[in-house]
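Computed from the coordinates by the stated procedures, all read-outs in this text should not be read as laboratory data. Small disclaimer: the values here were computed from a predicted structure and weren't measured. Here Cβ is always computed from backbone atoms with ideal geometry, including for glycine, and neighbour counts include all displayed protein chains.
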Amino acid sequence: MNRKASSRRSPRSSQSDPDTTVPQTEGVKYAGSKLKLLPQILQLVRKTGAESVLDGFTGTTRVAQALAKSGYTVAANDCSVWSGIFGTCYLLNKKDPEDYRDLIDHLNGAAPIDGWFTENYGGSPEGGSSVHKDGLKKPWQIKNTRKLDGIREEIDRLNLDPIEKAVALASLILALDKVDSTLGHFTSYLKEWSARSYHDLHLQIPALFQSEKTHQVFRGDIFDTLKKVKTDLAYFDPPYGSNNEKMPPSRVRYASYYHLWTSVCLNDKPELFGKSKRRSDTSDLVAGSVFEEFRQNPEGKFIAVEAIKDLLLNANAKYILLSYSSCGRATASELNEVINVCGHLLEVQKIDYKKNVMADMKWTNEWLRIAEEPNQEFLFLIEKE
C-alpha cells in the first residue's frame, strides 16, 4: 500500500442499515441485476449526503428507479437501446400511471399477425418441445409471437411521443419476459417449453411513479456521458468480463444476452445468425465492451483494468460507488492500485449471495485477501482526491 493510502482512515464494513427503505422497482430477468444489492447501495449513497447520482451502467434501471423513488436526482446511462427505453419510461414520465390505461388496453386488443418475430422466434406448443420445424429451439410460443407482431406494428402506427412509446415498449418487454422459455437470456433457449410460456401475452401498465425531480437519460458510451454530467456521486457497475483468458470478451455478455430486447425496441428486422438467431451487430467481433476485454495493452496492462481507472479518474463527482465481482477481469490488488490513484477508500462491503452475510473488514489488506475468494460481490465507496 502506498503512503498516501496508509495515511487515510481504514475502510469500514458494516451490515445494511435496517432503516434503509428500499422502494419497489421493476425489471426483466437480467444477469447483471443489482436487485439484491439495493439495500447496501442505498445505505452507502445516503452516508455521503449526496443529492444527485449518476447511474453509469444502468441496465434495466433498477438502481436508478430506487434512487429516484428515494428522492435523488438521477442521471442514467447505458449503451443499450432497451435500457434507454426503460430509463425514459421510469425516470422521465410525469403522468399518472392511469393516464396510460387506454393505450395499454388498446395494444392488448391489437390483432395477432404472422410477422418477423413469429417467423424467427415463434414455435409450436405441440409435443412439449420448443424445437421448431426448422430444427431450432424458440424462445416463445407462436401464439405469443403473433401477438407480439401485432402489438409492435401497432405501436409504430400510433405515432406516440417518446415517453408514451417508451411506456408501451417497456410494457411489451415486461409482458414478453413473463412468457418466455429461456434461462433469462437469449443466447440459448430451453428444449422443453417452460410452464410460463403457455400463458397468454398480456400487457400491463408499468410500475410508474411521478417524480418532482428532473432526471436525465443518456444512451451512449460512458466516457462520452461523463463529459456531460456532474453529480455528487457516481455509481458504476461496469460489465465484469471474465478472468478466464480463453473466453472471448462478448461471448456471454450483454449485447448478445439481450439482443431480442433491442429488436423489440427498434423493430428493424435485422440480419440474424446462429442457432439462437442473434442480431448480426451482436457478434463477437463487433459487440465487446472495453470493460469485458481480457487482453493486455502494449504496456502490459490489462485493458479492462485501465478502463476502470479511466472511469474513476473521469467521473465528475465527489464520491464514487463501484460494484465489482471477484470473478471479473480485475484482481483485488489491481483494483486497490486503481482506487489509490483516484482517491481513497471510505468503506467496503462484501456480499455473499449464497450465505447473505457481510464481511467484517477492518483494513484494505483484508479486503484484498477476501476479494481473491471466488464468487463475491463488492461495493467500494471512494472519495475522490
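Couple of notes before you dig in:
- The calculated FRET efficiency for E26 paired with E385, based on their beta-carbon distance and R0 = 45 Å, is about 0.75.
- Ordering 258-267, 94-103, 133-142, 21-30 by mean Cβ neighbour count within 10 Å, with the highest value first, yields 258-267, 133-142, 21-30, 94-103.
- For A75, residues with placed amide H under 5 Å, excluding near neighbours: V53, L54, D55, Q216
- Qualifying lysines (Cα of each under 22 Å from Cα of K384; at least 8 residues distant if same chain): K4, K47, K227, K228, K230, K309, K318, K350, K362
- Convex hull volume per residue for region 77-168, taking Cα atoms only, in Å³: 127
- Taking each of K69/K143; K29/K133; K147/K191; K94/K147 in turn, the alpha-carbon distance tops 32 angstrom for K69/K143.
- Sites L136 and K178, calculated FRET efficiency, Cβ-Cβ separation with R0 22 Å, nearest 0.05: 0.45
- Under the simplified labelling scheme, the D200-S333 pair shows an inter-label distance of 6.2 nm, with each label point 7 Å from Cα along Cα→Cβ.
- Calculated from backbone phi, Karplus (6.51, -1.76, 1.60) coupling profile of region 187-204 in Hz, x at Gly/Pro: 9, 7, 10, 5, 6, 9, 4, 5, 4, 5, 5, 7, 6, 8, 5, 8, 7, 10
- Distance between modelled label sites at S124 and K301, nm, 7 Å Cα→Cβ extension: 5.9
- Taking 0.36 nm per residue of sequence separation and removing the Cα-Cα distance, the L35/K230 pair yields an extension gain of 67.7 nm.
- Relative contact order, percent, region 151-213 [alpha-carbon distance under 8 Å, six or more residues apart]: 32
- Computed from the C-beta positions of E153 and N316, the FRET efficiency with R₀ = 35 Å rounds to 0.25.
- Over region 39-150, relative contact order from alpha-carbon pairs under 8 Å, at least 6 apart, %: 19
- Extension gain from S280 to I163, taking 0.36 nm per residue of separation minus the Cα-Cα distance: 39.3 nm
- Cut-off under 5 Å, modelled amide H: who pairs with S211 long-range: none
- Once the chain from L190 to K94 is taken as fully extended at 0.36 nm per residue, the excess over their C-alpha distance is 30.6 nm.
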